[in-house]
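The values are calculated or read from the model by the stated rules, or taken from the named source; none is laboratory data. Computed from a prediction, not measured in an experiment: that's the story for all the values here. Note that each Cβ is placed from the backbone with ideal geometry, even for glycine, and that neighbours are counted across all protein chains shown.
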Amino acid sequence: MKKTIHRAGTRGHANHGWLDSHHTFSFAGYHEPTRMNFGVLRVLNDDKVAGGKGFGTHPHDNMEIISIPLSGDLEHKDSMGTHGVIKEGDIQVMSAGTGVYHSEFNKNADIPVEFLQIWLFPNKKDVTPRYDQQSIKELEKQNEFYQILSPNAEDEGVWIHQDAYFSMGKFDGTTTATYQLQNKENGLYVFVLYGDLRVDDTELISRDGLGIQEADEVHFEFKTSSHILLMEVPMV
């Protein structure tokens with residue numbers, strides 16, 4: 001097993017007033033050559049947007065873009081004619097493909113919205129852009145990992161143009177769990193939303209990240225109540 005640890009306090013940080021963002025990988029003004037990506041996982045941003053503020057209309061192409069709200073409401077508009085709001089318990093995916101313009105704003109004027117912004121390189125270029133959002137609340141299981149994203153449209157959760165699998169889990173303290181990789185050639189990136197846990201022999205706390213390669217399964221031991229995001233991704 002090969003591991004790469006990204007402690008919460010080592011992430012890039014930008015505070016623009018309306019946006020407070022932490023970057024696990026190089027992004028915008030944060031450039032760290034040793035932290036460009038983990039396989040096809042290119043961006044993992046932990047964003048907080050002030051009330052009524054947001055990202056104005058801007059373009060993307062040939063990227064799979066996933067948003068997972070943690071609190072508040074995020075309003076989305078794009079050049080495909082999509083207009084919707086996502087909230088905690090939802091997941092949003094946009095396949096930028098040949099090109100799309102979109103904006104993301106805090107729906108509420110009085111409270112911030114917090115969300116994860118995740119970009120993956122696709123396995124197909126220049127696809128027709130597409131958008132999807134779903135509630136994943138009904139998939140939630142206590143003390144188990146549950147899948148929220150995959151390459152397969154027939155699976156539960158959303159799908160993308162990449163052989164990647166995302167799972168989440170909420171765990172009580174003193175419990176254990178095991179994650180079995182879908183493909184042993186993939187890597188697994190563990191991101192701790194909150195908690196105190198051990199992943200094999202590595203101790204992690206809130207907002208720590210851990211990349212794991214060359215493993216068929218990964219073992220978790222939870223010391224406190226914890227909320228975890230797992231991103232299984234191709235490494236090439």
Original post:
Scanning for something among the small types (Gly, Ala, Ser), part of a loop (DSSP other than H, G, I, E, B), surrounded by fewer than 19 Cβ atoms within 10 Å (Cβ to Cβ) and in contact (Cβ under 8 Å) with a residue 12 or more places away in the chain, does the range 94-114 turn up at least one residue?
Top reply: yes
**OP:** Could you pull out the residue among Ala153, Ala164 that is buried (at least 20 other Cβ atoms within 10 Å of the Cβ) and not basic (Lys, Arg)?
**Re:** Ala164
Original post:
Just one of Gly89, Gly84 is touching a helix residue (DSSP H, G or I) at 6+ places or on another chain (Cβ under 8 Å), closer than 23 Å to Ala153 by Cβ and either of a type in the set (Asp, Glu) or in contact (Cβ under 8 Å) with a residue 24 or more places away in the chain (or both); which is it?
Top reply: Gly89
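Does Thr24 satisfy the criteria of being among the β-branched types (Val, Ile, Thr), over 13 Å from the mean Cα position of the chain (by Cα) and at pLDDT 95 or above?
Values: among the β-branched types (Val, Ile, Thr): yes; over 13 Å from the mean Cα position of the chain (by Cα): no; at pLDDT 95 or above: yes.
When the stated conditions are applied, Thr24 does not pass them.
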Subject >> Residues (surrounded by 18 or more Cβ atoms within 10 Å (Cβ to Cβ) and in contact with a Ser or Thr (Cβ under 6 Å, 6 or more places away or on another chain)) located in the range 132-145 >> reply: Phe145
Original post:
Within the range 54-93, can you find the residues that are assigned to a loop (DSSP other than H, G, I, E, B) and touching a strand residue (DSSP E or B) at 6+ places or on another chain (Cβ under 7 Å)?
Top reply: Met63, Gly72, Ser79, Met80, Thr82, Glu88, Gly89
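Here's the yes/no breakdown for (1) surrounded by fewer than 17 Cβ atoms within 10 Å (Cβ to Cβ); (2) not hydrophobic (A, V, I, L, M, F, W, C):
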| residue | (1), (2) |
| --- | --- |
| Thr176 | yes, yes |
| Tyr179 | no, yes |
| Lys184 | yes, yes |
| Gly187 | no, yes |
| Phe191 | no, no |
| Ile212 | no, no |
| Phe220 | no, no |
| Thr224 | yes, yes |
| Met231 | no, no |
**OP:** Would you be able to say whether some residue in the range 144-160 is hydrophobic (A, V, I, L, M, F, W, C), more than 30 Å from Asp61 (Cβ to Cβ) and modelled with pLDDT of 95 or more?
**Re:** yes
**OP:** Test each condition in (1) surrounded by fewer than 18 Cβ atoms within 10 Å (Cβ to Cβ); (2) in contact with a Leu (Cβ under 8 Å, 6 or more places away or on another chain) for Ile118 and report the one that comes out false.
**Re:** (1)
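Taking the stated definitions as given, is Glu203 among the acidic types (Asp, Glu), within 18 Å of Gly39 (Cα to Cα) and not assigned by TED's automatic domain parsing to the domain that holds His102? Spell out the reasoning first.
On the way: among the acidic types (Asp, Glu): yes; within 18 Å of Gly39 (Cα to Cα): no; not assigned by TED's automatic domain parsing to the domain that holds His102: yes.
Taking the combined requirement at face value, the residue does not satisfy it.
Mind listing whichever residues of the range 144-191 are among the β-branched types (Val, Ile, Thr) and either without any contact (Cβ under 8 Å) to a residue 40 or more places away in the chain or within 25 Å of Tyr131 (Cβ to Cβ) (or both)? Spell out how you get there, then give the answer.
To start, the set of residues in the range 144-191 that are among the β-branched types (Val, Ile, Thr) comprises 148, 158, 160, 174-176, 178, 190.
Listed by number, the residues that qualify are Ile148, Val158, Ile160.
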